[in-house]
Every structure is written in structure tokens, then in C-alpha cells.
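Asker: This is the structure I want to talk about, given as C-alpha cells.
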Amino acid sequence: MKNLYSQLPAIDNLLRDPALQTLLTDAGTALTTRQLRAMQQEAREHIRLHQTLPDWHANWPQEAQRRVQQQQQSALRPVFNLTGTVLHTNLGRAQLSEHAIAAVDACLRQPVTLEYALDDATRGHRDRAVSKLLCELTGAEAACIVNNNAAAVLLMLASLAPGREVIVSRGELVEIGGAFRIPDVMRQAGCQLVEVGTTNRTHVKDYQGAIGEQTGLLMKVHTSNYHIEGFTHAVTEQELVTLGEAHQLPVITDLGSGSLIDMTAYGLPAEPMPQQLIAAGVSLVSFSGDKLLGGPQAGIIVGKQALIDQLQLHPLKRALRVDKMTLAALEATLQLYRQPETLQEALPTLRQLTRSSHAILQQAERLMPALEQTYGGEFSLAIAACSSQIGSGSLPVERLPSFAITFAPHNGHGGQLNALAQRWRHLPRPVIGRIQEGKLWLDLRCLEDEAALIRTLVP
Ligand SMILES: *Cc1c(COP(=O)(O)O)cnc(C)c1O
């Protein structure tokens, strides 16, 4: 035992080892020394527990280099999203346009007029550029930008109805995943929830009957992530606006995803548009920046000037405001919407959602031979029709026809499938598919860089 401990190299000697010089140059002395100390500690522990030296004892410099490199790798690893879900929340939702990426890059390299008015050198408002675009695109009077749509809902409620009652249909008390539940947000905002109607049917008279002295707001929530079918009835925004006007109550809508364009014009399922609700007279509409809009994470609120002013002055706005990177990316994304002719090509979210199944099939056929050659020994590969989904709670029941390459183990072992999925998750650029019906599916809808996938999967 003693003997084993004495075989551990001294840090000073290791630092002079020629094999360690590359690491020293790349990572510096402090980081390298810290790593070597940690390894020494680990080696001592290994000897104490197992009475042997660790496997890597044979090559300390190489092991140190491997460990430092691993630690320096970003925790935000670029991956191939072949799950078939375009707006995958766990994979960062919308992929930004080149235009937005360039805008962020530029705003980080030099000082920018974030809150500075060039006309008279006075303090400007950080939301102004984006507000102007949003008003042009939605027909709203004003806009307010916060960290995400959850923050937008919180800010609308806390600013407009503190200590008051907010009337919502029982069919719209949704949970959006994570801890975002309408009743909880309501409580956090200091509002009192008044539920009306039933799960499947709510009428104008239900809202009307609930209006009283304490009522502060009428609210609608877009039930984005689930769908009720059959004997149902919901009140339209238009009807709620008429009711609100009669009682001088603002009407707000949490739209969730929202789309600034008519999705059906691109052959996609319909999704409510903020501009329709603004036209219907809704006071405030909120939606996400990184869902169908295809921009950065943000919460966008558009609507009446007087109410937006109220939001802008609320202390929570300061806590929920976005930074220049978000504003730059959002502004650049919205600029794309001003040129509808090029939007489909320029906006990755729309480009991926609208890819034809025929183009995806052709891509699968191009990829098959190389994959077959590498994986055909262990798995039987096939091209199979599948359904992609939009994701992020948008249009949960709608599916987009797509194609996948499927991998089924020759011996029918599920374990082999999990092992393959795991192996792909540990590639330098991990490949994320989905396991279903005893096969591993790679839905190619979101695959744009075909050559990169081949380089990754075919050694
Ligand atoms: C997605 C969603 C939210 C939350 O939006 P984030 O931008 O993720 O915070 C809130 N409400 C609805 C209806 C949603 O669909």
C-alpha cells in the first residue's frame, strides 16, 4: 500500500513534463495545477479503497488534458434535433435567423443606444424600437417586452388588477409545464381568481353574472397545449370586449404562442393572431418570442397605450425587463416579418415547419446508404412515414407529415436500442431522436446540415 502511494508523481514533476506543456499553454498554470491536485486526491482515494492505482495512472498528462477539455466544454451543447418536435422547449425552442444572430453579435461588440435618444441626447426607452415594429405589425397602440410570456402574464395581472378579482373560464385554467399554472400566477400577482362556466362550456352570461364591485379584469387564456372536443362552447374575444366595455373593464388575453402570420397561407394549421385580437378590441394581448414567432425568449405584450404605460411604470417591469441581446434579436426577427416574400426562407422556425414531406423523404434517401453501411450490421434500417409536431404547446393535436430513418435491433433487444441512443447522446454533437415501437426514430424535419450529420454518425 505505502508503496503504491509513493508511485504517485509529484505535481512539480508533472508540471515540467513535456507532455503537459500543451495543456499548460492552453489552460494556464492555475487551472492545470488544480486539475493535477484533484487527480492526486482521487488517486489516493482509489488506492485506499481498491489497493490499486487508477487506470489512468499510466498517462497523467493525457488524462489531465482530457479532463480539462471536458470541463471547458459548454454546458449548452449544440445538438441535432431529430425528435420531430420543431419548437422543443428542452432544446431551446426557436432557432434564430441569421439576421437575428448578426444583430446580437453587433450589439455586443460596441456600445448601443439601448436607452439613449440620439435626437436630443436624452434618455430613451429600451422597448421603443421593438414597440414601433410591433405596432406596425399588429395594429396595436403600444407594446412592452419582458423576459418571457409567463412574466408578461404576471406583469399584466399585477399592474392592472392588484387586490381585485379577475374572471376566467374554468375551461382555461391551464398548466403550461413547469410551474406555470394560471391560478398560481394569479395568486402571485395579488389577484383573486374568479372561475366561471364549466370545463367544457362557458357563456357570456357566466362572465356577466360574476362581475361585481371587486372585478378588475376579464381574462382569456389560449388553451394552447390541450384540446377539448365535443359539446363545447367558449366565449369569443369579441363578445368579451363588448361585455368589458359595458362595465368599463379591460379584457386581456394570454395567447401563448400566437403567430404574426396566417399559418394557413403556408399550409399549416391555423393559430390565433395577435392582430386579430387587437382588431377585436382586446385591451392587452401577450405571447412568447420564442414559440411560433421564431425569435429569442421574450414575453411580448401589445395593446392600448394607457395600459401599456401602466405596465411600463410598474416596479415589476424593472425586474422582468429584457437585455440588449434579446431586444436586438427580437427587433431583427420582427424586421423579417415586414418582408413576407422572404420570411419562409429567412426564419428557421417557419422554414422547418413548412418543409414538404417529399423533400424530407428525398433527404432520407440520400442519407440511407452511408447510415446503412455503418449501422446495418447491428440494426435494420428503414425509411418510415412519421408525424412531426410544432411543440411548445402550439397546436397540440395537429401533426405535420414527415419522414424518419428508423433503427431496429436485429435481435429485437430493447437494451441495444437504448445503448445506441445513449451512444449518440455522447457524441461531440449529440444526435437526439426518439424511441418508439421498438425502434429509434430520427425524424429529419429539422435536419438542415446533412453533411454534418453524416460526419457525426459515420466515422
Ligand atoms: C407557452 C405559454 C405560456 C408561457 O410562455 P413562456 O414564454 O414559456 O413563459 C403562457 N401561456 C400560454 C397559453 C402558453 O402557451
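Asker: Could you please let me know if residue 185 is assigned to a helix (DSSP H, G or I) and open to solvent by less than 40 Å² (accessible area, probe 1.4 Å)? Talk me through it step by step, then tell me what you get.
Answerer: Working: assigned to a helix (DSSP H, G or I): yes; open to solvent by less than 40 Å² (accessible area, probe 1.4 Å): yes.
Spelling it out, residue 185 is indeed assigned to a helix (DSSP H, G or I) and open to solvent by less than 40 Å² (accessible area, probe 1.4 Å).
Asker: Which of the residues belonging to the stretch 207-220 are open to solvent by less than 70 Å² (accessible area, probe 1.4 Å) and either polar (S, T, N, Q) or modelled with pLDDT under 95 (or both)?
Answerer: Across the stretch 207-220, the qualifying residue is only 215.
Asker: Could you tell me which residue of the stretch 235-270 is farthest from the chain's Cα centre (by Cα), considering only residues that are polar (S, T, N, Q) and part of a helix (DSSP H, G or I)?
Answerer: First, pick out the residues of the stretch 235-270 that are polar (S, T, N, Q): 236, 238, 242, 248, 253, 257, 259, 264.
Of the ones still in play, those that are also part of a helix (DSSP H, G or I) are 238, 242, 264.
Values: 238: 31, 242: 35, 264: 23 Å.
Ranking the candidates gives 242 first.
Asker: Does residue 418 satisfy the criteria of being assigned to a loop (DSSP other than H, G, I, E, B), farther than 28 Å from residue 180 by Cα and either of a type outside the set (D, E, K, R) or away from the ligand (no atom under 16 Å from the Cβ) (or both)?
Answerer: Criteria not met by residue 418.
Asker: Grab the helices (runs of 4 or more DSSP H) fully contained in the stretch 18-110, keeping just those with 2 or more residues being modelled with pLDDT of 95 or more and assigned by the TED database to the domain that holds residue 329.
Answerer: 98-109
Asker: Taking into account only those residues within the stretch 442-459 that are more than 20 Å from residue 422 (Cα to Cα) and in contact with a helix residue (DSSP H, G or I) (Cβ under 8 Å, 6 or more places away or on another chain), which is surrounded by the fewest Cβ atoms within 10 Å (Cβ to Cβ)?
Answerer: For the stretch 442-459, the residue satisfying everything is 450.
Asker: Tally time: how many residues in the stretch 276-294 are away from the ligand (no atom under 11 Å from the Cβ) and in a loop (DSSP other than H, G, I, E, B)? First the steps, then the outcome.
Answerer: Here is the first cut: in the stretch 276-294, the ones away from the ligand (no atom under 11 Å from the Cβ) are 276-285, 294.
Remaining after also requiring in a loop (DSSP other than H, G, I, E, B): 280-283, 294.
Within the stretch 276-294, residues that are away from the ligand (no atom under 11 Å from the Cβ) and in a loop (DSSP other than H, G, I, E, B) number 5.
Asker: Same structure, new question: If you scan the stretch 205-234, which residues turn out to be more than 16 Å from the ligand (Cβ to nearest atom) and farther than 22 Å from residue 280 by Cβ?
Answerer: 209, 212, 213, 214, 229, 230, 231
Asker: Give me the pairs: first residue in the stretch 62-88 and acidic (Asp, Glu), second residue surrounded by fewer than 22 Cβ atoms within 10 Å (Cβ to Cβ), beta-carbon distance under 6 Å, and six or more apart or on different chains, which are they?
Answerer: 63/56
Asker: Do we have any residue at all in the stretch 303-319 that's crowded, with 23+ Cβ neighbours inside 10 Å and closer than 17 Å to residue 258 by Cα?
Answerer: yes
Asker: Note down all Cβ pairs under 6 Å where the first residue falls in the stretch 268-289 and is open to solvent by 20 Å² or more (accessible area, probe 1.4 Å), the second is of a type in the set (S, T, N, Q), and they're at least six residues apart or on different chains.
Answerer: Note: pairs meeting the criteria are 270/264; 273/259; 275/138; 278/138.
Asker: Looking at the stretch 295-326, which of the residues that are without any contact (Cβ under 8 Å) to a residue 24 or more places away in the chain and either of a type in the set (Gly, Ala, Ser) or in a strand (DSSP E or B) (or both) is farthest from the ligand (Cβ to nearest atom)?
Answerer: 306
Asker: In addition: Output the residue which, of all residues in the stretch 244-254 that are free of Cβ contacts under 8 Å to residues at least 40 places away in the same chain and open to solvent by less than 10 Å² (accessible area, probe 1.4 Å), is farthest from the ligand (Cβ to nearest atom). Reasoning before the result, please.
Answerer: We begin by selecting, within the stretch 244-254, every residue free of Cβ contacts under 8 Å to residues at least 40 places away in the same chain; these are 244-249, 251, 253.
Among the residues that remain, those that are also open to solvent by less than 10 Å² (accessible area, probe 1.4 Å) are: 244, 251, 253.
Details: 244: 20, 251: 16, 253: 9 Å.
Going through the qualifying residues, I end up with 244.
The values are calculated or read from the model by the stated rules, or taken from the named source; none is laboratory data. Here the structure is a predicted model, which means the values were calculated and not measured. Methodologically, a virtual Cβ is constructed for each residue, glycine included, from the backbone with ideal geometry; neighbour enumeration extends over all protein chains shown. Heads up: the accessible areas ignore ligands, DNA and RNA and are worked out on the full protein's heavy atoms, side chains in. Shrake-Rupley method; radii C 1.70, N 1.55, O 1.52, S 1.80 Å.
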